[in-house]
Amino acid sequence: MLGKNIAKVFFLLIIAIGFFLAQSSYAAGWVAQSSGVTVILRDINMIDQNIGFAVGDGGTILKTINGGKNWSTVYTSAGNNFYGIDMYNSSIGWVVGMSGKIFKTSNGGEDWTEQVSGTSFSLQDVNVYNGLEVVAVGTAGVVLRTTNGVTWTVLQSDLAAVLYGVEFSACGLSTRCIWAVGTNGTIVYTSYANASDTPDWTTKNSGTTATLFDISRISSTSNLRVSGNSVILLSDNYGTNWSAIQDGAMTQSFLGVGIFSGGIYTSGGIYTIGSSGLIYRGTQSGGGWTWVAETSNTSQTLYGVAVKYSPVLTAWAVGGSGTIVRYDETAPTAPINLIKTSPDNDNYPTLTWGISSDDVSGTIGTGIAKYEFQLDSWPITNAGFSYTVTFLPDNSADGSHTFKVRAVDAAGNVGPFSTLTYTIDATPPTVSAISPATAVVNSAQSFTASYSDSVGVTSCGLFVDDIPQGAMSLAGVASGTATKSYTFSSVGSYAVKANCTDGTNTTWGAAITVVVSAAAVSDTTPPVVSAISPATATANSAQSFTNSYSDNVGVTSCELYVNDISQGNMSLAGTTSGTATKSYTFSSAGSYAVKAKCSDGTNTTWGAATTVTVTVATGPDTTPPTGSITINSGASYTNSNSATLILTCSDNVGCTRMTVAVDGTVDTESLEGYAASKTVTLSGGDGAKTVAVKFKDSAANTSAQYIDTIILDTTAQDTSIMVKPSSNSVGMGDFTFGYTGSSITPVTFECKLDTGVFSSCDSPKSYSNLSVGNHTFQVRAVDAAGNVDATADSYTWIITSATPADTTPPSVGAITPVTAQATVSQSFTASYSDAVGVVSCDLYVDSSNQGAMTLSGTKTGTASREYTFVNTASHSLQARCSDDAGNVGLGSLATVSVSAAPVNVVDTAAPTTPSGMKKVSDDSDKTPTFTWNSSNDNNGVTSYVVQVDNGSLVDIGGAQTYTVASLFDGSHTVKVFAKDAAGNSSPVSSFTFTVNTSTPVPTPVSCSLTINGAYKLSGSPAVYYITDECAKRPFNKSNVFFTYFSSWSDVVATTKTKLDKIPLDTLGFMPWGPKYDPKYGALVKIVSDPKVYLLLGGEKYWITAEEIFTGLKYSWNWVEDIDKKLLDKYITGSEINYTDHHPNYTLIKYAASTKIYRLEPDPADSSKQVKRHIKNEAVFNALNFRWDRIVTISKSEAYKDGEELGEEDV
């Protein structure tokens, strides 16, 4: 596979896909591993760094032999839940679980044999002393032991506690010790010498009444650690004394604990885990403990943890929905074989490197996630899985460059750089023509050429009539002059030139013709120069001045001087005699000294100065004035009908009059005296107002019309608070607000709390940590024209108490009722209360979590959930509730007696969830319409109920479409559920969307070339696309060109001047254009938005998060960049925010099979899915499917078979 992933990466063309672009530093961390299951995993046991087991619900047992990189299911047992596992070695181990289940393996998990436990109580944990002696603990304080690995006896069964954790190990040369922990802060202990001894139990003082969930011991020491509800306990004397070591802010439930020691952790450390992906690491130093919350990259509750330190620290944790995460702090090795494969004069240099290894020191790593490289001092750049990079000339200037590359593994560990320094010399020297162009026969003449080079010139040679005359002397490296003397032996004309090299590239300078003459007699006679004529001129009118000259060898140049300031060379007519002429314009009247200076190349002569008298022209003035107008100093908006104009006018003889018009054409007959400013009254009614002006001079010349525009807005917006806190609150207040009506100018808001001042704010606005007492919140709208809502909306509420730190778990009552009927759904209820508020409750049946309960309140209320018992029996039920601080309260256990159901049972089956909910209008629609698929029910659906945001429930009968009343801009949620005749309600289907009616109209871009056109230079193969922002973007591939245009004839040839005015777009490449067919199942994004969409049919489905994308087994290499115009052709479908199944119409296959299926709605129940086998390759191709968009799924993702897709479906 690695070989197939090699692809060139162009520097500065790497675009971040979806939701991430890593350029920050990395550290060791936790990375998700694929378990292949979705059940809750309860415990994990790692024998060493590579071999381990995990157990969980559904009788699931998983095994890994490579540190968790791959997990395989070695055993499942429907109806069983496993809670604990402990392996004696890689072959022998035990698993315990619900209803007293015990299973043993003797061949490394290939086979599992059930053993008779002698109890029906759920067993929560197991610990192995040796290959024969094992202890298990569980509900009702039961403690079981086997001394032969087969037969189990009860050691203890009368404790008034549930035991969740046990530690069984040697605590002396011949002494066995058992510690067990559980509810109400229970810690019990026993020790005995021989396997057959009957131990006595001692209860230890834990110092807490909290539930204790797990216990662990550092091997061969007296150190024990216990985790529980808001507490972590330590004992350094075999459990005789216990002390709490958690930080005061650590108030969560810690469901598991693992201990590590070694290397840099000489004083030992702890990993503890819990709800919502909680992971804390504790380390001991200086007699105290330091705790750090680590990012687990999961929100699932974690139930079990395993830690190994040999030779490096590695940890694993397991939890809900098949979650397995692993901690890895070993960095990968440096990439090998880093080389540059292109020559030094190639300014598209290519560098390649070999793979890095993440399996270091005998430990299997989490795998290489990407490579990063850095060129010179540029930012570190993500190269993905590429092993080669090619740089554009913009990043490959001539000179020395340093390239570095390193590997990053999935846990974020960064390996060392491999470094290569190389030189680029792609630019040949620039070489000028030789000078001088004359020489004298038989006299040595020094010839010179200038040069420059980015790297440096190494040599230059002189050539006469293409014959080399030897090396020239250099003065300078990067730039300078090359010089060499040469003597001509005869008179005549010769072609002389130089060539220079930088060691890689060679350049010829232009050849010049050198005229070689005979030796001349020295000229000592200066030219004769006359005075300038004429002696008069007119201001602002060009005047031609002339003088005469003569010289024995010939005049070569003359210059015109006015008041001793040179005005440039004069035009010559003749050599040994003639006239010199030049025009000059005086800007004002007066007297000026004008003279000429002439040279024959050796001697110079000044002509006598002439006093030139300049007068003003007396002809008619025909030049109109020029000017400008500015309203209110250039403001865009105003709320006053009175406006101040700033008027500028310039004219050769002076501006005298003007005429001004408001919202009309200037009447040049209605004149007034010119003034630099003027106050006018704008016309009535809000909107754009235009003021125009024309100017006149004393000669009645009229200027062009000049205009300026301003928007008049005199209407203040009415502000409204839409969401506000309750009248009695604790320490905070949250507000959402807006304005009614519409505004022609931008609107902002100002907020004020109590006696403060109004200041700028946005909706929503939140306040926290408010003092106890009355508080008043005010908000008002302010538009860009300065209109302020004079009647700010106001709300007063009471803060009853400051927000305290919450360390108290909820109080939870016992489950009611205590009777039920088999096969009949029964609603079970428990009351609760909490000072801050309960956020969730779960129903537990026989210590197994059956899911979330529905809450009827926050601080007080009842939690309820439906549950159906299959058979008649007695069951233990309990509610467990959590508050926002993570405190967990346990309700009393209730025994529910289940009797047989009567023959006639009322309809309690709820309809299925309405699926396929989508919005069929765009974001600018304030009254959007929604549609959904029908629900199924055993007796038929009678109606659908709709709720918008948190508004009233609306029963719309049997319709499957609903149009929402007018909404304000912002985020909204629409929910719908189905009801049947018996009043049963389906689960809710919801859709969150945004209304945005205030999107500004984009300002048209001024561009010298046509937007969205294709252009090239004559004689150049490069073709550029002009973007909407008037930037040029090169077509790098011809197939991309034809997704925008139909023919090469669509390309327009332009000039270099015009093309150079268009800036180069920073993207540097062209995405697929509007004519491109992504085909069925494509994953796409646009370059200006990281959102990734799945295209199915004519609809686009947004994949809402990175973990959703990877959880669905999609590959980032599948994502294609496309033009926004292409994406806009697709209708917005529902969001993809789940990983337990794939969307309808996805192409799938199972890992062990070659069959390919398409997922579709079940014709019998549209809320469910079926997989339809695609008959053969011909059918696949005829349906226009893509072979590179087939998703390989695990066997745990099961779908019912539908009808085969064959030729009749094409």
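Since every read-out is calculated from the coordinates, none of them should be taken as a lab result. Just so we're clear, the structure is a prediction, and the values are computed from it rather than from any experiment. Using ideal geometry, Cβ is built from the backbone for each residue, glycine included, and neighbour counts are taken over all protein chains shown.
Using each residue's phi in region 91-104, evaluate 6.51 cos²θ - 1.76 cosθ + 1.60 at θ = phi - 60° and report the 3J(HN,Hα) Karplus result to the nearest Hz, with x for Gly and Pro.
Those phi angles translate into 10, 10, x, 10, 10, 10, x, 5, 6, x, 6, 9, 10, 10 Hz.
Starting from the amide H of Ser550, placed 1.01 Å from N in the peptide plane, find each other amide H under 5 Å away whose residue is 5 or more places distant or on another chain.
When sequence neighbours closer than 5 places are left aside, the close amide H contacts are Val528.
Taking Lys497 as the anchor, which lysines have their alpha carbon closer than 27 Å to its alpha carbon, excluding any fewer than eight residues away along the same chain?
Lys484
Enumerate lysine pairs in region 950-1088 that are 8 or more residues apart or on different chains, then count those whose Cα atoms are under 23 Å apart.
So the count of such lysine pairs works out to 16.
Near the amide H of Asp86, under 5 Å away, which other amide H atoms are found, from residues 5 or more places off or on another chain, if H is placed in the peptide plane?
Trp94
Under 28 Å from the Cα of Lys689, which lysines turn up, not counting those fewer than eight places away in the same chain?
Lys678
Rounded to whole Å, give me the distance from the Cα center of region 516-587 to that of region 386-405.
59 Å
If you add up the charges near Thr623, with Lys and Arg at +1 and Asp and Glu at -1, over every other residue whose beta carbon is less than 13 angstrom from its beta carbon, what do you get?
So the surrounding residues net to -2.
Could you go through region 75-84 in sequence order and give the Karplus-derived ³J(HN,Hα) for each residue, using 6.51 cos²θ - 1.76 cosθ + 1.60 with θ = phi - 60°, rounded to whole Hz, and x for Gly and Pro?
Computed from phi, the couplings for region 75-84 are 6, 9, 8, 4, x, 9, 10, 9, 10, x Hz.
Which aspartates and glutamates, on any chain, are close to Lys724 with Cα under 18 Å apart, when same-chain ones fewer than 8 places away are left out?
Asp734, Glu750, Asp754, Asp762, Asp793, Asp949, Asp969
How high is the relative contact order of region 331-424, in percent, with contacts defined as C-alpha pairs under 8 Å that are six or more residues apart?
Dividing the mean separation by the residue count of region 331-424 yields 35 percent.
Under the rule of -39500 (n - 2.57) per DSSP H run of 4 or more residues, summed and divided by the residues of the chain, what mean residue ellipticity at 222 nm is obtained, to the nearest 500 deg cm²/dmol?
Mean residue ellipticity, 222 nm, calculated: -500 deg cm²/dmol.
When the Karplus curve 6.51 cos²θ - 1.76 cosθ + 1.60 is applied with θ = phi - 60°, which whole-Hz ³J(HN,Hα) does each residue of region 628-643 get, with x for Gly and Pro?
7, 9, 9, 9, 6, 6, x, 5, 8, 9, 8, 10, 10, 6, 8, 10
Going 7 Å from the Cα of Thr221 toward and past its Cβ, which residues in region 258-281 have a backbone nitrogen under 18 Å from where you end up?
Answer for region 258-281: 258-272, 281.
Normalised by the number of residues in region 528-615, what is the relative contact order in percent for Cα pairs under 8 Å and 6+ residues apart?
39 percent
Find how many whole Å separate the alpha carbon centroid of region 829-869 from the alpha carbon centroid of region 269-334.
29 Å
Can you pull out the trypsin sites (Lys or Arg not before Pro) in region 1134-1204 that DSSP calls coil and that have at most 16 other Cβ atoms within 10 Å?
Lys1155, Lys1175, Arg1186, Lys1195
Given a Förster distance of 56 angstrom, what is the FRET efficiency for Thr575 paired with Asp1121, based on the Cβ-Cβ distance and rounded to 0.05?
Approximately 0.20, to the nearest 0.05.
Quick one: net charge of Arg225's neighbours, Cβ under 12 Å, K/R +1, D/E -1?
Once positives and negatives cancel, what remains is -2.
Just want to confirm a number: the relative contact order over the chain, from Cα pairs under 8 angstrom separated by 6+ residues, in percent.
5 percent
Enumerate the amide H contacts of Ser899 below 5 Å, restricted to partners 5 or more residues apart or on another chain; note that Pro and chain-start residues carry no placed amide H.
Close amide H contacts, sequence-distant or interchain: Ala820, Gln821, Ala822.
Which whole-angstrom value gives the distance between the alpha carbon centres of region 1026-1064 and region 1152-1206?
Measuring centre to centre over Cα atoms gives 42 Å.
Using the number of other C-beta atoms within 10 angstrom as an exposure proxy, rank Ile711, Ile40 with the fewest first.
So the ranking, lowest neighbour count to highest, is Ile711, Ile40.
Consider the candidate values [x] 45; [y] 54; [z] 42; state which one is percent of Cα pairs over 50 Å apart computed from the structure displayed.
[y]
Work through the residues other than Ser450 whose Cβ is under 14 Å from its Cβ and net out their charges, Lys, Arg +1 and Asp, Glu -1.
Computed value for this residue: +1.
With labels modelled as points extended 7 Å from the Cα through the Cβ direction, what inter-label distance (nm, one decimal) is found for Asp564 paired with His875?
11.4 nm
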